[in-house]
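**Student:** This is the structure I have questions about; it appears just below.
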Amino acid sequence: MQFTARCALAVAAAALLAASGCTPASPGGKSGKPAGNAAPPPAAASGGTTAIPVGTGPRATYTAQAQPAPGTCHFRYTPAKQPLPDPACTPGATSPAVTQATIAQTICKTGGYTSTIRPPVNITNKEKAGNAASYGYTGPMGDAEYDHLISLQLGGDPNDPRNLWIEPPSPGHIPGKGPNNPKDSVETHLHTAICKNQITLTAAQQAIATDWTTAETKLGIKPATGNDQTPTDTD
């Protein structure tokens, strides 16, 4: 009889919980519902694009960074045969020192900025050789540029391997004449637009990291011409 009464009480309690919309706690005192502080999904930039990695920023002393394994990176080419990096190896990386709030003290500073944070040649030459193996580049090293995908003047990280790639010559290149890189003028044009508050820093970084050949069109600014063709504080 006592057992039957206890059962009846338990059934009544369960019915009460169901009516109130509550769920009993799981063993250990944890709710059967997902925790409210579950890890958020990977960060994404506005418009659904993947957020660009953030590097460590400028350093007083730089060390040569390890490069992707030989042969694991692959160049891409636009219909006009302009080279693009492998997004799996070189997605770009931004500098935490450069934000929209700090552009006046960094990339838009009178007198220049990039020369004060650029890694020395003895470091980048080692990295360039390693990155050439990563991409399988076998042409003359002097004809290829070790390029910051997001240039220093656009707030790119100075020495993050995700932001550097060996950029092969563009169409029209004359062998032995050094790099011919039309990407430089696009970067300078975007830099000018940022410092004139015509575009945001983040928008410029996303556009250049995605495809430098379409960056100006995506941002709604006219392609670089005339005075924009000669960069003053590049890469």
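All of the numbers you see were taken from the coordinates with simple rules; none came from a lab. Every value quoted in this text rests on a predicted model; they were computed, and no experiment measured them. Don't worry about glycine lacking a Cβ; one is built from the backbone with ideal geometry, like all the others, and counts go over all protein chains shown.
**Student:** Going through the cross-link list 126/177; 128/196; 177/218; 81/222; 196/218; 128/218, which pairs have a Cα-Cα distance over 27 Å in this structure?
**Tutor:** Result: 128/196; 177/218; 128/218 exceed 27 Å.
**Student:** Could you compute the net charge surrounding residue 208? Neighbours are other residues with a C-beta less than 9 Å from the C-beta of residue 208; K and R count +1, D and E count -1.
**Tutor:** Residues close to residue 208 contribute a combined charge of -1.
**Student:** Within a 10 angstrom radius of the beta carbon, how do 199, 150 rank from fewest other beta carbons to most?
**Tutor:** 199, 150
**Student:** Continuing with the same structure: Taking amide H positions as placed in the peptide plane 1.01 Å from N, state which residues far from residue 146 in sequence (5 or more) or on other chains have amide H under 5 Å from it.
**Tutor:** Amide H neighbours of residue 146: 167.
**Student:** Test of understanding: ordering 116, 202 by Cβ neighbours within 10 Å, fewest first, what list do you get?
**Tutor:** 116, 202
**Student:** Given all pairs of different Cα atoms, what value in angstroms does the Kirkwood hydrodynamic radius of the stretch 77-216 take?
**Tutor:** 15.5 Å
**Student:** May I ask you to evaluate 6.51 cos²θ - 1.76 cosθ + 1.60, the Karplus curve with θ = phi - 60°, for each residue of the stretch 54-70 and list the ³J(HN,Hα) values in order in whole Hz, giving x for glycine and proline?
**Tutor:** Those phi angles translate into 10, x, 8, x, x, 10, 5, 9, 9, 10, 5, 8, 5, 10, x, 4, x Hz.
**Student:** Magnitude of the Cβ-charge dipole of the stretch 67-229, K/R +1 and D/E -1, about the Cα centre, nearest 20 debye?
**Tutor:** Magnitude of the dipole: close to 140 debye.
**Student:** Moving on. Taking amide H positions as placed in the peptide plane 1.01 Å from N, state which residues far from residue 54 in sequence (5 or more) or on other chains have amide H under 5 Å from it.
**Tutor:** Under 5 Å from the amide H of residue 54 lie the amide H atoms of 94, each far enough along the sequence or on another chain.
**Student:** Here's a follow-up. Under the rule of at least 5 residues apart or a separate chain, name every residue whose amide H is placed under 5 Å from the amide H of residue 164.
**Tutor:** 149
**Student:** For the stretch 179-196, in order, what is each residue's ³J(HN,Hα) by Karplus, 6.51 cos²θ - 1.76 cosθ + 1.60 with θ = phi - 60°, in whole Hz (x at glycine and Pro)?
**Tutor:** x, 10, 10, x, 4, 4, 5, 5, 4, 5, 5, 5, 4, 4, 5, 5, 5, 9
**Student:** When 98, 54 are ordered from fewest to most other Cβ atoms inside 10 Å of their Cβ, what list results?
**Tutor:** In order of increasing Cβ crowding within 10 Å: 54, 98.
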